[in-house]
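We did not get these values from a lab; they are worked out from the coordinates using the rules stated. Computed from a predicted structure; not experimentally measured. Here the Cβ positions follow ideal geometry from the backbone for every residue, glycine too, while neighbour counts run over all protein chains shown.
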Amino acid sequence: MSRPRVLLVGVNARSIQANPALYSLRRAAARQGMGDMLRIYEYALHTPHQQILAELYEAQPDIIAFSLYVWNARMIISLIGDLRRVMPRLKIIAGGPEATARGSHYLRHLPADAICIGEGEESFCAWLCALAERGLSAAGDQPLPVTPGFLVAGAEESYCPAPLPDMAALSFPYDEETAAYLRGQAKLVYYEASRGCPHHCSFCASARQKLRERPLELVFPELARLAEIGGQIKFIDRTFNADPGRAIVITREILRLHRQGLSWHFEVSPFDLPEELLALWCDAPKGYFHLEIGVQTLTPAALRAVGRRGEWSAAEPQVRRLINSRGSHVHLDLIAGLPGDTRRGFEQSFHRLHQLNADYLQFGFLKVLPGSPLAGQAAELGLIFSGEPPYQVLATPDMSPADLFALHRAERAFNALYNKTRDFRDSLLDLAEQSGNALRIYDRAADLMQWRGLNRGEAAALVQRLANENSGRE
């Protein structure tokens, strides 16, 4: 009997993204002689439901393996429901961070036939080998194999975890054909030189994962291959500068690869910025590096509550220097709704970061992710949050639902006026400086917007009205 036909399906947040996990799985399978069993189908959240359903149906696979994240879980749950109706013999597998964190839940409620728990390059291939050795079509009635790392319906008691793969043994995700596709489609290209994180921020799903690094003798030639693909290369390492010395070495190599049309994105801690690394990023060709700096909060009680270390007073001059150099594009992250934070505390954090005038300030909301330490502490901390993805906080002991809903409205106004364009940046910085509380500017803008979108002319008129009100002319 022929080997089963398996589709690896990803639903990305945006159409310019590509899911690196799918390409890693296919490359790992190819090394085992099973690459011909797998085909990759990628979509975006805006792709019509019926289009995805029709294309998956037309492919007539035996197995569909979905990559589940908090941002796509609802859409994939809906797709699986309809696939079950039109392809009743289809086998459904789910993997990825969301499936890993709630494996038993999704096994019952998708429902899935199996869940791939954790990192799948080795465990998924071992499961495929077991499936192929049976010489059966997965659409048949025989049970699916039970192998380490796979939670299989009807055999839950037999589950055992798979060992973590050796970072040196993983394949580079992109073969020549895939590289040509990514280049031709101008996709964002994702890469990881490490997994896990040495920090223990309780809201992070990686808080319990030990840092594991890919050897530099493999990283360097892979950087050259990534540079050949071009566009923006996004490192998905949790903290690129967790080892500052290693970050310096990689940054120097990336600078050597500089050419037009190429840029590199890192997630960075503000508390591990030695002078040499700081100088490399400040003096880089304009826009070559995109640095996403995870500040999250400046409120001491909130920092303690989520286990974050570091003194902002020491980090702020370095972050300010990066922003003012304009050598690198700087993106700051701030989270509302953290335990221990208050409305006033958030206002103070927001104002200080706002006035740094970074290229982008992300004003986000706490997500109580399954599998994170915070999820286990939520009841004790008095956190109220949505029970379904993306598990966003709804209330805390220090922030009422009304407080958080008001912040959502302010965030919408802030993104429209501050992040979407730099046309009004100087005026907004001046208004915030005069008021001493930047958030009040966007609270008022939200009152005037009433959840509406704005074109450029309307945005300009709104900023002028805010200025007039602030000066007492209205």
(request) Could you let me know the centre-to-centre spacing of the stretch 386-452 and the stretch 217-244, using Cα atoms, in angstrom? (result) 34 Å
(message) Order 210-217, 239-246 from most to least packed using the mean count of other Cβ atoms within 10 Å.
(response) 239-246, 210-217
(request) Would you please classify the overall shape of the stretch 1-51 from the alpha carbon gyration tensor, given that a ≥ b ≥ c denote the square roots of the eigenvalues, rounded means a/c under 1.5, and beyond that prolate means a/b larger than b/c while oblate covers the rest? (result) oblate
(request) Note down the Stokes-Einstein diffusion coefficient of the stretch 400-474 in µm²/s, whole number, using a Kirkwood radius over alpha carbon pairs, 10 °C, and 1.306 mPa s. (result) 128 µm²/s
(message) Based on the alpha carbons, how large is the Rg to Rh ratio for the stretch 86-135 when Rh follows Kirkwood?
(response) 1.01
(request) Given the peptides 394-400, 47-53, 20-26, arrange them by the average over their residues of other C-beta atoms within 10 Å, most packed first. (result) 20-26, 394-400, 47-53
(request) Using a/c under 1.5 as the rounded threshold, could you call the stretch 56-130 rounded, prolate or oblate? The axes a ≥ b ≥ c are square roots of the C-alpha gyration tensor eigenvalues, and prolate needs a/b larger than b/c, oblate otherwise. (result) oblate
(message) Give the residue list of trypsin sites (Lys or Arg not before Pro) in the stretch 420-460 that are DSSP loop and have at most 12 other beta-carbon atoms within 10 angstrom.
(response) R422, R452
(message) Can you compute the modelled spin-label distance between R74 and A44, with each label point 7 Å from Cα toward Cβ, in nm?
(response) 1.9 nm
(request) Please report Rg over Rh for the stretch 6-158, where both radii come from the alpha carbon positions and Rh follows the Kirkwood definition. (result) 0.92
(request) Would you please put 305-316, 123-134 in order of how densely packed they are, using the mean number of other Cβ atoms within 10 angstrom per residue and starting with the highest? (result) 123-134, 305-316
(message) Which of rounded, prolate or oblate describes the stretch 176-382 when judged by the alpha-carbon gyration tensor and an a/c cut-off of 1.5?
(response) prolate
(request) Treating the angle as unsigned and between 0 and 90°, give the value, to the nearest 10°, between the Cα long axis of helix 49-59 and the longest Cα principal axis of the chain. (result) 30 degrees
(message) Can you tell me, using C-alpha contacts under 8 Å and at least 6 residues apart, the relative contact order of the chain as a whole percent?
(response) 10 percent
(message) Could you tell me the ratio Rg/Rh of the stretch 55-100? Both radii from Cα atoms, Rh via Kirkwood.
(response) 0.96
(message) Tell me the label only: which of [x] 95, 70, 42; [y] 150, 55, 40; [z] 80, 49, 43 is Cα extents along the principal axes in Å as calculated from this structure?
(response) [z]
